[in-house]
Amino acid sequence: MLFRSHIARSLVPAAVRTLALSDKVADRMLVQTFGVYLANGLNVRQTAVALPAHPNTVHGRLRRLAQQTGYDLRDVKQLMRLATELRLGAVR
């Protein structure tokens with residue numbers, strides 16, 4: 001099992017792995033916002049209510065997440081890839 005976890009982590013880009021494992025509050029908020037955004041069907045208003053946060057705050061966090069990871073969150077394939085990589089990257 002440990003071997004498979006190591007292989008899975010090695011497939012995750014360093015920027016995503018760093019973000020997934022970060023203990024910084026700002027990084028945790030980016031990952032949390034992204035998860036809530038996915039859970040709310042990519043709806044910023046519903047995400048804002050669920051967090052709670054202002055919709056502009058949600059947009060800003062998603063923009064920073066995209067900048068840090070290099071993924072275009074308007075592209076469904078990249079969005080799903082990031083979701084998967086964040087989960088794999090968080091495996092310790």
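Points worth noting:
- Qualifying positions in region 65-85 - under 17 Å from Leu21 (Cβ atoms) and in contact with a helix residue (DSSP H, G or I) (Cβ under 9 Å, 6 or more places away or on another chain): Leu65, Gln68, Thr69, Leu82, Ala83, Glu85
- Members of region 6-17 that are in contact (Cβ under 8 Å) with a residue 12 or more places away in the chain and open to solvent by 60 Å² or more (accessible area, probe 1.4 Å): Leu11, Arg17
- Of the candidates Ala66, Ala48, Ala53, the single residue that is farther than 25 Å from Val12 by Cβ, open to solvent by less than 90 Å² (accessible area, probe 1.4 Å) and part of a helix (DSSP H, G or I) is Ala48.
The values are calculated or read from the model by the stated rules, or taken from the named source; none is laboratory data. Please read these numbers as outputs of a predicted model, since none were measured by experiment. No Cβ is skipped: glycine too gets one built from the backbone with ideal geometry, and neighbour counts run over all protein chains shown. To get the accessible areas, we keep the full protein, side chains included, count just its heavy atoms, and leave off ligands, DNA and RNA. Shrake-Rupley method; radii C 1.70, N 1.55, O 1.52, S 1.80 Å.
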